[in-house]
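K.L.:
Here's a structure for you.
The values are calculated or read from the model by the stated rules, or taken from the named source; none is laboratory data. Because the structure is predicted, anything quoted here is derived from the model rather than measured. All Cβ positions, glycine included, derive from the backbone under ideal geometry; neighbour counts span all protein chains shown.
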Amino acid sequence: MSNLTFFTRYFVLCTGINQRQLRAISDEIVKELRNQSIVKLNSEGYREAKWILVDFGDVVVHLFGKEERNYYDLELLWGDARRIEW
């Protein structure tokens, strides 16, 4: 992403099956990165848990429900970015 935008180096995109799973994934990511001294800068959407965004500065994590991921289609929006399959 760094060749396309100034605000982050990576987007991580993930799809969950329900709100409970999306919150659990978000909680675990925040916990594991905190253990590595990487602090969450901001987050959005946790309460609704349809699209949770967690900002760590160089990495922005997008956790989607299936419908929301298809609707917002960030892969198309940021289609010029280099993809790293994980």
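K.L.:
Being touching a residue at least 12 places away in the same chain (Cβ under 8 Å) and basic (Lys, Arg) is the filter here, so list the residues in region 13-42 that pass it. Can you show your working first?
P.N.:
Keep residues of region 13-42 that are touching a residue at least 12 places away in the same chain (Cβ under 8 Å), which gives 13-20, 22-23, 25-26, 29-30, 33, 38-42.
If the condition is that a residue be touching a residue at least 12 places away in the same chain (Cβ under 8 Å) and basic (Lys, Arg), then Arg20, Arg23, Lys40 are the ones that fit.
K.L.:
Right, next: What is the one condition in (1) at pLDDT 95 or above; (2) buried (at least 16 other Cβ atoms within 10 Å of the Cβ) that Arg69 does not satisfy?
P.N.:
Result: Arg69 passes all but (1).
K.L.:
May I pose another question? Report, by residue number, each residue of region 43-57 that is at negative phi and either surrounded by fewer than 16 Cβ atoms within 10 Å (Cβ to Cβ) or in contact (Cβ under 8 Å) with a residue 12 or more places away in the chain (or both).
P.N.:
Going residue by residue through region 43-57, those that are at negative phi are 43-44, 46-48, 50-56.
If the condition is that a residue be at negative phi and either surrounded by fewer than 16 Cβ atoms within 10 Å (Cβ to Cβ) or in contact (Cβ under 8 Å) with a residue 12 or more places away in the chain (or both), then Ser43, Glu44, Tyr46, Arg47, Glu48, Lys50, Trp51, Ile52, Val54, Asp55, Phe56 are the ones that fit.
K.L.:
So how many residues does region 30-75 have that are in contact with a Ser or Thr (Cβ under 9 Å, 6 or more places away or on another chain), closer than 12 Å to Gly16 by Cβ and of a type in the set (Phe, Trp, Tyr)?
P.N.:
Residues in region 30-75 being in contact with a Ser or Thr (Cβ under 9 Å, 6 or more places away or on another chain), closer than 12 Å to Gly16 by Cβ and of a type in the set (Phe, Trp, Tyr): 1 in total.
K.L.:
Quick check, is Leu63 at pLDDT 95 or above and touching a strand residue (DSSP E or B) at 6+ places or on another chain (Cβ under 7 Å)?
P.N.:
yes
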